[in-house]
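Okay, so here's the structure we're looking at.
Just so it is clear, none of the values below were taken in a lab; they were calculated from the coordinates. Note that the structure is predicted; figures quoted are calculated from it, not measured. Reconstructed Cβ throughout: ideal geometry from the backbone, glycine too, with neighbour counts over all protein chains shown.
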């Protein structure tokens, strides 16, 4: 049985980079009839907030990425303590005491000598007396995992064959001096205990994966199949991290981006397949193929979500937007016509409010100076509302006969006077919705 997980830290709002990871893991589980776990990595007691945990779930629900079960690392602290003892019993976890300043000096010395800045394992040489002395001096010990210094190999689902020499990697810190277990350790324990079979995450985790493969092995677990997707950059190749606050899923939702647009883009961005709108997750899953993704950094331009949002919203059936239209105050007998007329002239659903304002309150007329006399005369020929399907043709026929104008010179000034815009719905369709005309003769 395939089991995947999305493991965000509830220390902020999830963004497009997180979504890419969540979606890929979700699609793998759904395509195979497997299990998708939402796991909140909330061991950072100071930074983890319930409001962010709630926000993560709200964002995923808005996108339709439903999870089969939810786990919280804060509920598993006893299990991590037990796993730490297991590693100590195998001599794979050892206590160290260097301060950040001392480690920095060591790294600089190694670099000056032309050596890689890898932890020198000085902690392994500490005797019980040394440890007692350091503690008496007020030093706080923390714990590193003892890597077996051999090559760590795996076939990555996106990057292909990967081989990392463990001797070139520092023994990772798994437990801080205050007892907080770190991501590398907690995730390894969880992935082992929860039977996670496939893990997709960002390419910045490749070194983590190498060390976690050894940790999982030391815990007696089975190594999952790993895949590392490319990292997102801005449209010009710039780092996305500096703008990530504006690219949170919450903000995109509040700014009217359609969830289908976001999902369709994230399911294809960085792959050899073109980005095409899909209106359901089943359709997205059908076309999802992890092997189509590449390793190169992937450019993401949020502006490209707008045409997809427009396409998604314009294809919605009336029943899907009926409540929103009712909330605008559109009378029930006009609601379906309103959607039919306005839907092809919106990008975001919020744009509907502007159209109803035009229909219900009248538009601010736009009248070019050379058309002022023409509009003044034309408006004397327009009866007051209500209008029907024939009102526009009857009105323009009267104006044409009275003024001699025809074609664009007739229709465009009238459109701009009645709607305040040079473009929009067919005027014959629009007229029956027009409750107020502000351009009067």
Item checked: Members of segment 246-282 that are surrounded by fewer than 18 Cβ atoms within 10 Å (Cβ to Cβ) and within 27 Å of residue 53 (Cβ to Cβ) -> 246, 250, 251, 253, 254, 255, 256
Next item on the list: Could you identify the single residue in 72, 79, 45, 39 that is touching a strand residue (DSSP E or B) at 6+ places or on another chain (Cβ under 6 Å) and surrounded by fewer than 16 Cβ atoms within 10 Å (Cβ to Cβ)?
Entry: 72
Check: If a residue has to be out of contact with any strand residue (DSSP E or B) (no Cβ under 9 Å at 6 or more places or on another chain), within 28 Å of residue 162 (Cβ to Cβ) and surrounded by 15 or more Cβ atoms within 10 Å (Cβ to Cβ) to count, how many in segment 289-320 make the cut?
Finding: 0
Next item on the list: For residues that are in contact (Cβ under 8 Å) with a residue 12 or more places away in the chain, over 50 Å from the mean Cα position of the chain (by Cα) and part of a helix (DSSP H, G or I), scanning just segment 378-394, find the one that is surrounded by the fewest Cβ atoms within 10 Å (Cβ to Cβ).
Entry: 379
Note to self: Please determine whether any residue of segment 206-213 is farther than 27 Å from residue 233 by Cβ and within 35 Å of the chain's Cα centre (by Cα).
What the structure shows: yes
